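One structure is given below, encoded as structure tokens.
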Amino acid sequence: MLTAGPAKKVTIYVGEDHKYHGRTVYSAILDFLFYRGVSGASVLRGVAGFGADHHMHTARVEVLTGNLPIKIEFIESPQKVEELLPKLHEMVGSGLIELQDTMVVKPSEASKKGASRPSVPALRREGKAKLMRIFIGENDKWHDKPLYKALVESMRANDIAGVTVYQGILGYGANRRIHKDSALHLSHDRPMMLSVVDTEQKLRAFFAILDAMVQQGLVVLSDIDVIRYTHDYSEGERRKEARP
Amino acid sequence: MKLEGKATMLRIHFGESDRWQDQPLYRAIVEKCRELDLAGATVFRGVEGYGASTLIRRSHLLSFSSDAPIMVSVIDAEDKVQKLLPFLDEMVAQGLVAISPVEVIKYVHQHGQRC
């Protein structure tokens, strides 16, 4: 968050049509600033101007060349600006970057609506875990229920930390049958993959159940490092109400 | 076919519109895997992403000209997977190929016999 005191003001001049990796430079820069946590930035479009190429750019209707000048401005702390400059340098291409010393008299405040959300920082937990991938077919059944659905329910019931089901578009496996999602025949036996993450101990305990349920398919296990972001539930205790 | 214990997982990332000899690249890769008698291959279509070409690939609901990210996952013994690599070198012009070790827990055929 920007605080009152000395700061830097950065002004970037580019052309409206200038491109950076297939998109306009100004939107790429704005996104970059946004995701790098800059406290605010504005994009202004000029009416007319000329730059390094000494070519006049105007918005007059009779001259449809376009490529109007664009000015991007933001104010940040000197350290932050220092961090951002190398990448900005690369992004502007033929554009111009100007840096000014400035003084923040009063920093802007986030609107009340945003402030009402508790700003509890996410807890970061790291550790070793296992990732299990289960490859089955969409039409595989378990007690008249789609197998992938039954597996998810069974994992939930067995307190497995989390599972995600992915639907493939093409594939073949243990039985050499090609599973295909074809627009012409609606047979729909697409390959499905379940990705499950938990500790090795909990996954191994689940193998017996898995063995009984999966009649054909492939199950593989790999080592992973978990980097998990969770919220501190101590305030609202949302977890309690989520668990019936 | 037999597959147990230590195995290798190969993942290939590229775009849906990538082609190889007049057919979608992902189909060509799956066919090559079958030809090489690899245990299995699965193709997944992503919703959004960016990669080697750093363009955002997005599948729009309205436009059919989508270039969604595609991931092909292949699992087999390491020596079998290695056989596929020279072909991938040739076929994947722009994309990412990654290998990781996996442990096979279960690999079963249609009639439920274990291998």
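The values are calculated or read from the model by the stated rules, or taken from the named source; none is laboratory data. Predicted model only: the values in this text are computed from it and were never measured. Using ideal geometry, Cβ is built from the backbone for each residue, glycine included, and neighbour counts are taken over all protein chains shown.
Tabulated data for the structure shown
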| quantity | calculated |
| --- | --- |
| Selection count, the range A:3-19, where residues are of a type in the set (A, V, I, L, M) and surrounded by fewer than 17 Cβ atoms within 10 Å (Cβ to Cβ) | 1 |
| Subset of the range A:189-209 [buried (at least 21 other Cβ atoms within 10 Å of the Cβ) and either among the aromatic types (Phe, Trp, Tyr) or assigned to a helix (DSSP H, G or I) (or both)] | A:Leu203 |
| Of the criteria (1) assigned to a helix (DSSP H, G or I); (2) more than 19 Å from A:Gly217 (Cβ to Cβ), which one B:Arg34 fails | (2) |
| Candidate set from the range B:92-114 (those that are crowded, with 19+ Cβ neighbours inside 10 Å and more than 7 Å from chain A (Cβ to nearest Cβ)); member that is modelled with the highest pLDDT | B:Val92 |
